[in-house]
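Data block below; observations after.
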């Protein structure tokens, strides 16, 4: 199941990135908190850096992160559909929905997520992007286990 979801994830990303002309690139820092709840609740935070490719209605990111002890390397890939609303000439707000895939030595975890983002334009080409998303695990897991992922990103982007 995970292999099929990965293939769908990659195909959607490649198709959607080329589907919209207005685009940008950038990068920044992010924070993930994977929360597992069963009998006890366990939080697993990670901190990292990411790069993104962006169009008006779509964003693809790739990042790398570590846990606080720098013991576990985590790769992070996301695809989001976004629906921007221009608030002022410099500020746009967008709800976003998409997929977030975490990969480490233990395997792959895929999450469906949604959230909000904000673009603040410094110039016509330079902007600050912040996003916050919350996701639900899509893979097989025991019925009593609940997995959730919270992600906060901040980066600088350049419109092409």
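General observations
- Hits in the range 7-46 - residues which are at pLDDT 75 or above and over 19 Å from residue 128 (Cβ atoms): 32, 33, 34, 35, 36, 37, 41, 42, 43, 44, 45, 46
- Those strands (runs of 3 or more DSSP E) lying entirely in the range 38-107 with at least 2 residues over 17 Å from residue 147 (Cα atoms) and touching a helix residue (DSSP H, G or I) at 6+ places or on another chain (Cβ under 6 Å): 58-66
- Matching residues in the range 114-134 - criterion: being surrounded by 15 or more Cβ atoms within 10 Å (Cβ to Cβ) and over 19 Å from residue 76 (Cα atoms): 118, 119, 121, 127, 128
- Identity of the residue in the range 135-147, touching a strand residue (DSSP E or B) at 6+ places or on another chain (Cβ under 8 Å) and either assigned to a loop (DSSP other than H, G, I, E, B) or crowded, with 16+ Cβ neighbours inside 10 Å (or both), that ends up modelled with the highest pLDDT: 135
- When 156, 72 are checked against the criterion of being surrounded by fewer than 19 Cβ atoms within 10 Å (Cβ to Cβ), in contact (Cβ under 8 Å) with a residue 24 or more places away in the chain and within 16 Å of the chain's Cα centre (by Cα), 156 stands alone in meeting it.
The values are calculated or read from the model by the stated rules, or taken from the named source; none is laboratory data. Treat the numbers as computed from the prediction; the structure is a model and nothing was measured. Positions of Cβ are backbone-derived with ideal geometry, glycine not excepted, and every protein chain shown enters the neighbour counts.
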